[in-house]
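Okay, so here's the structure we're looking at.
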Amino acid sequence: MRTKTLLCAAALAAGLATSAMAQSNVYSLNVVGYYNVSMGANQKVLLGNQLNTTNNTLGGVIPNPPPLSQFFKFANGGFTAYQFDDIDLVWTPNATASLAPGEGGFFISSVATTLTFVGEVRQGSLTNTLPMNTKVIRTSIVPQAGRVSTDLGVPGQALDQLFTFSGGFTAYQFDDIDLVWTPSEPTNNVGGAFFYIKANGNTQTNWIRNFTVQ
């Protein structure tokens, strides 16, 4: 999987213009942009949405994949499968599966393709939940690559597990003595995602980031 990122500063008023409150001289600046995720034919990729749109659903975030592409959303211990119909060119059985910033799933296409994600970079205090003793797919809420805890702020706790995917799974565990990721600290790419499991005895944790585009 290859990713390419471009973030463009743009102010929003009637679309993409700076809005201002003249009385207090407070300006609202939004940052919009895109990133590309490229993959080979029949390559299963664990994708994550890291940009905010007006429709954070499967159909809104990935509206035009190659016909017969498949997406697998994980929730409540199992996968739900979606396919992009080759006649009607819509996701079936529906396009309403949530794909908000910080969420993800598996994507596969029978042809090599590049998916383009377009939207607004969220800023401020951002929260992604890591529920206790439940396997979930998560990614950074903002399009940033790096080490999951050191750079992206994942709050690892004793015996938590994290699984990355690249043709197969690689497992990591947060050591309960040294309190570091073993065998090494995992990384996450722009557009990538990972499975996370909070260990028994750990309470639900909020993955909080305070993020501002400089």
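What number, rounded to the nearest 500 deg cm²/dmol, is the helix-based mean residue ellipticity at 222 nm of the chain, given -39500 (n - 2.57) per DSSP H run of at least four residues and division by all its residues?
Values: 1 runs with 4 residues, N = 214.
Calculated at 222 nm, the ellipticity per residue is -500 deg cm²/dmol.
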Exercise for review: Positive end of the charge dipole of the chain (Lys, Arg +1 and Asp, Glu -1 on Cβ, about the Cα centre): tell me which of 183, 200, 143 has its Cα farthest that way.
Suggested key: 143
Point to revise | Probe 1.4 Å, all protein chains present, accessible-area order of 138, 122, 147, largest first | key: 147, 122, 138
Exercise for review: At 1.4 Å probe size, with no ligands or nucleic acids counted, give the accessible surface of residue 79 in Å², nearest ten.
Suggested key: 100
Study note, to complete from the structure: For region 124-214, the dipole about the Cα centre with charges only on Cβ (Lys and Arg +1, Asp and Glu -1), to the nearest 20 debye, works out at 340
Check your understanding: Which of 103, 185, 120 moves the most in a Gaussian network model of the chain with Cα springs under 10 Å?
Key -> 185
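Per residue, how large is the accessible surface of the chain? Use a 1.4 angstrom probe and give square angstrom. Write out the running numbers ahead of the final one.
Numbers: 10780 Å² over 214 residues.
In whole numbers, the chain has 50 Å² accessible per residue.
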Revision key, fill the gap. If amide H atoms are modeled at 1.01 Å from N in the peptide plane, then the residues at a separation of 5 or more from residue 160, or on another chain, having amide H under 5 Å from its own are 174, 199
Review point. In Å, what Rg and Dmax follow from the Cα atoms of region 70-111?
Key: 10.8, 31
Point to revise | Within the accessible area of the chain (1.4 Å probe), percent carbon and sulfur | key: 50
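The values are calculated or read from the model by the stated rules, or taken from the named source; none is laboratory data. None of these values were measured; they are calculated from a predicted model. In this analysis, Cβ positions are derived from the backbone assuming ideal geometry, glycine residues included, and neighbour counts consider all displayed protein chains. Calculation scope for accessible area: heavy atoms of the full protein, side chains included, ligands and nucleic acids excluded. Shrake-Rupley method; radii C 1.70, N 1.55, O 1.52, S 1.80 Å.
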